[in-house]
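Scroll down for the structure; my scribbles are underneath it.
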Amino acid sequence: MIWQLQGHRRIDFDRRVQIFGVLNVTPDSFYDGGRYIDAQRAADHALRLSDEGADIIDIGGESSRPPLYGEAATIDPEQECRRVVPVVEALRRQSDVPISIDTVKSEVARRALAAGADIINDISAFEHESGAMARVAADSGAPVILMHRRGTTATMQQDTRYDDLVGEVCSYLAARVDYARQCGVGHDSIVVDPGIGFGKSIEGNREIVRRAGEFGVRGCPVLIGASRKSFIWKPLGLTPEDALKGSIAAAVLAVAHGARALRVHDVAASVRAVRLAESIEIRLPD
C-alpha cells in the first residue's frame, strides 16, 4: 500500500517498514509527558526525530495512558487544539515531513489538517465521534489509522480477557475498516493497529507482537505501538525509563512477524534495528 500525500510525498508500506516518531505535547503522557509543551521545543524535537529517520511524526495532545500511571486528564477540543495546532504549524514551516495527528476528536483533526497535518490517527477507530471523524477523513482525503481498544482510557484495563484475542480484534478492525470505507475513506488509505496496551493483558500484548501480521484485515498494513509500554518493563521490575532494549526487541519481533509500521519514542535506535531486521527477514518482490 502507498499513501499519496500532498506535494508528491509518498508513504510506501510495501517498500519498507514505516517509522512513526512519537511526539506527545501533553503534561501527563506515561513516558514523555511535560517535555514538549512549548510549541517550538516540540517542533525542534520533531525535527530531530525526522533527522534520526522517522518517516512520520505522530503528534498527540491528550494522554491515553492507562490507569497504571494515574488517571489521564480528559480535555475539550479547544484545549487540545491549543496544544497541537501551534506545533503542527511550527513543524510544517520548517519541514515537509508527514505529520499524523493522534486524536479522537473531529474538530482537532480538522484544524490540525488545516494547519498542515496529513494523517488522522484515531485510537477509537471512529467510534468516539463516529460520523463526524469519518466525514473529516473522507472530505480531506487524509489517510487514517484505526485502532482496537476495549472500553475507554479509564476503563480499558478492567477486563483484559478474551476467548480468542486475535479473532475478536480482527473482527472489530474489519468492521471499522468497512465502516470507514462506506463513509468515503479511500480503500488504500487505512492502516490498522491492534492496540497494544489498550484493554490487553501482558500475555495478550505478547501475542499481538507474536502474531502481528495476522491483524492485516481487508489488506490493510499493520501498525504496532509497543514502545516503552508496561508489558515490556513491568514483568522485569523495571520502569518505562529502563525499557529501551525491550522496546527494540518488541519492534524487531513485530516486524519479523508482519508489522509494516511502528510507533516509537526512540527513533534512531529503532530505525537501526528495524532496517537490519528487514535486510535479514523481509524478502521484497523483484
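Show me the ranking of peptides 162-173, 128-139 by mean Cβ neighbours inside 10 Å, starting with the highest.
128-139, 162-173
Highest mean first, how do 215-228, 235-248, 40-53, 262-275 rank when packing is the count of other Cβ atoms within 10 Å averaged over residues?
215-228, 262-275, 40-53, 235-248
Using the Cα gyration tensor of the chain, with a ≥ b ≥ c the square roots of its eigenvalues, what is the shape: rounded (a/c below 1.5), prolate (a/b larger than b/c) or oblate (neither)?
rounded
What ³J(HN,Hα) values, in whole Hz, does the Karplus curve 6.51 cos²θ - 1.76 cosθ + 1.60 give for region 252-267 when θ = phi - 60°, with x put for Gly and Pro?
5, 5, 4, 5, 4, 9, x, 5, 10, 7, 9, 10, 9, 8, 9, 5
Using each residue's phi in region 174-185, evaluate 6.51 cos²θ - 1.76 cosθ + 1.60 at θ = phi - 60° and report the 3J(HN,Hα) Karplus result to the nearest Hz, with x for Gly and Pro.
4, 5, 6, 4, 4, 4, 4, 5, 4, 7, x, 6
Would you mind pulling out the separation of the Cα centroids of region 124-178 and region 190-254, in Å?
Computed from Cα coordinates, the inter-centre distance equals 17 Å.
Around Ser50, under 13 Å between beta carbons, what's the net of Lys plus Arg minus Asp minus Glu among the other residues?
For residues surrounding Ser50, the net value is -3.
The numbers here are math on the coordinates, done by the rules we state, and not lab data. Everything quoted here is computed from the prediction, not taken from an experiment. In this analysis, Cβ positions are derived from the backbone assuming ideal geometry, glycine residues included, and neighbour counts consider all displayed protein chains.
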